[in-house]
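The values are calculated or read from the model by the stated rules, or taken from the named source; none is laboratory data. These numbers were taken from a predicted model, which means no experiment stands behind them. Don't worry about glycine lacking a Cβ; one is built from the backbone with ideal geometry, like all the others, and counts go over all protein chains shown. Ligands, DNA and RNA are excluded from the accessible area calculation, which covers all protein heavy atoms including side chains. Shrake-Rupley method; radii C 1.70, N 1.55, O 1.52, S 1.80 Å.
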Amino acid sequence: MDAESLLLSLELASGSGQGLSPDRRASLLTSLMLVKRDYRFDRVLFWGRILGLVADYYIAQGVSEDQLAPRKTLYSLNCMEWSLLPPATEEMETQTSVVKGRFMGDPSHEYEHTELQKVNEGEKVFEEEVVVQIKEEKRLVSVIDQIDKAVAVIPRGALFKTPFGPINVNRTFEGLSLSEAKKLSSYFHFREPVELKNKTLLEKAELDPSLDFMDSLEHDIPKGSWSVQMERGNALVVLRSLLWPGLTFYHAPRTKNYGYVYVGTGEKNLDLPFML
């Protein structure tokens with residue numbers, strides 16, 4: 001959700017039962033404006049909150065002029081002091097995939113994981129137990145990146161692609177119509193496209209290259225991983241991810257108000273295929 005319309009956005013997303021206290025809201029309003037100025041971002045998004053056992057991580061992301069360029073991620077424990085997180089890597093994701101359970105809320109906390117490594121002694125090969133330490137900060141980076149790739153959402157038409165390549169905010173976007181807002185095909189993944197390259201030429205011919213340059217939610221696997229609900233007398237459409245419980249996307253049809261926020265434990269629902 002855009003930091004400039006934070007109070008309205010929190011109100012629209014409050015149907016999921018997750019909110020922020022008045023002092024946290026006031027701190028975020030002030031500090032995110034300073035983050036935007038200091039880091040020279042085009043936009044700042046309040047990404048959400050990852051609940052920890054000791055403290056919670058408040059996450060914000062900075063967007064450059066090219067809207068699909070890699071976003072810079074920051075975290076805070078008090079909504080005032082923000083620290084920049086390193087970019088996610090495949091190695092980081094592999095390392096942290098062995099860590100299960102809740103976050104602690106301390107970036108310097110180290111998880112211990114025992115691995116079996118092969119050791120050569122002459123012609124003989126032994127398996128030796130090695131204790132690997134993984135910092136919680138690395139796990140935080142990895143989980144945010146996974147959630148972004150899997151369930152960050154944007155409505156069709158909110159961004160447009162120029163003939164020269166950069167992706168810009170569509171200033172003429174006035175919201176989806178009520179009938180379009182109820183369809184999953186009207187929403188895209190807010191990231192570089194992955195599935196679009198696999199479409200046939202006939203399928204691509206039906207797409208508008210300036211608007212349909214991202215992957216649609218309707219082809220997500222497993223099918224049924226999104227819940228679409230109308231709230232406030234059809235004045236608000238809410239998408240909730242069942243794969244990453246805690247991710248809520250909201251859009252008020254025929255208005256420019258849309259956004260997503262994640263408030264959860266940072267744990268993926270691996271049992272979802274068996275629940276559908």
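Per residue, the chain exposes an accessible area of 54 Å² to a 1.4 Å probe, with every protein chain left in place. Judged by the ratio a/c of the largest to the smallest principal axis of the C-alpha gyration tensor, the range 141-276 counts as oblate, that ratio being 1.5 or greater while a/b is no larger than b/c.
In the chain, the longest principal axis of the Cα atoms and the axis of helix 22-39 are about 90 degrees apart.
Each label point was placed 7 Å from the Cα along the Cα-to-Cβ direction; for VAL119 and ALA69 their separation is 4.9 nm. Taking 31 Å as the limit for the C-alpha separation, the pairs LYS135/LYS199; LYS72/LYS256; LYS149/LYS183; LYS124/LYS268 exceed it in the case of LYS135/LYS199; LYS124/LYS268.
Our Cα-only numbers for the range 203-276 put the radius of gyration and Dmax at 14.6, 41 Å. Remark: relative contact order (the range 41-184) = 18 percent; criterion is Cα-Cα distance under 8 angstrom and separation of 6 or more residues. The alpha-carbon positions of the chain define a convex hull whose volume is 183 Å³ per residue. In order along the range 168-179, the phi-based Karplus estimate (6.51 cos²θ - 1.76 cosθ + 1.60, θ = phi - 60°) of 3J(HN,Hα) comes to 10, 6, 7, 5, 8, 5, 10, x, 7, 6, 4, 5 Hz; Gly and Pro are listed as x.
For the range 98-157, the orientation-averaged shadow of the C-alpha convex hull comes to 7.0 nm² (one quarter of the hull surface).
Ignoring any ligand, DNA or RNA, what whole percent of the accessible area of the chain comes from carbon and sulfur when the probe is 1.4 angstrom? Numbers along the way, then the final one.
Values: 7880 of 14980 Å².
Whole-percent figure for carbon plus sulfur exposure: 53.
Summing +1 for each Lys or Arg and -1 for each Asp or Glu among the other residues whose beta-carbon sits under 12 angstrom from that of PRO253 gives +2. Residues in the range 125-135 carry Karplus couplings, in order, of 10, 10, 9, 10, 7, 10, 8, 9, 9, 10, 6 Hz; the curve used is 6.51 cos²θ - 1.76 cosθ + 1.60 with θ = phi - 60°, and Gly or Pro positions show x. Please compute the contact order of the chain in relative form: average sequence separation of alpha-carbon pairs under 8 Å and at least six residues apart, divided by the residue count, as a percent. Relative contact order comes out at 17 percent. I'd like the orientation of helix 136-151 relative to the chain: the angle between its Cα long axis and the longest Cα principal axis, in ° from 0 to 90, rounded to 10. Around 40 degrees separate the two axes. Counting 0.36 nm for each residue step from ARG37 to MET80 and taking away their Cα separation leaves a gain of 14.0 nm. For the set HIS189, HIS219, solvent exposure ranked by accessible area (probe 1.4 Å, protein chains only) runs largest to smallest as HIS219, HIS189.
When the solvent-accessible surface of protein heavy atoms is calculated with a 1.4 angstrom probe, in what order do ARG232, ARG156 fall, highest first? It would help to have the intermediate numbers written out before the result.
Values: ARG232 125, ARG156 85 Å².
From most accessible down to least: ARG232, ARG156.
Restricting the trypsin sites (Lys or Arg not before Pro) of the range 42-112 to loop positions (DSSP other than H, G, I, E, B) with no more than 16 neighbouring Cβ atoms within 10 Å leaves LYS100, ARG102. For a modelled paramagnetic label at VAL131, 7 Å from Cα along Cα-to-Cβ, the residues of the range 95-124 in reach, with backbone nitrogen under 11 Å, are 112-114. Measuring gaps between exposed loop sites in the chain (GluC sites (Glu not before Pro); DSSP loop; at most 13 other Cβ atoms within 10 Å), the longest gap, sites not included, is 207-276.
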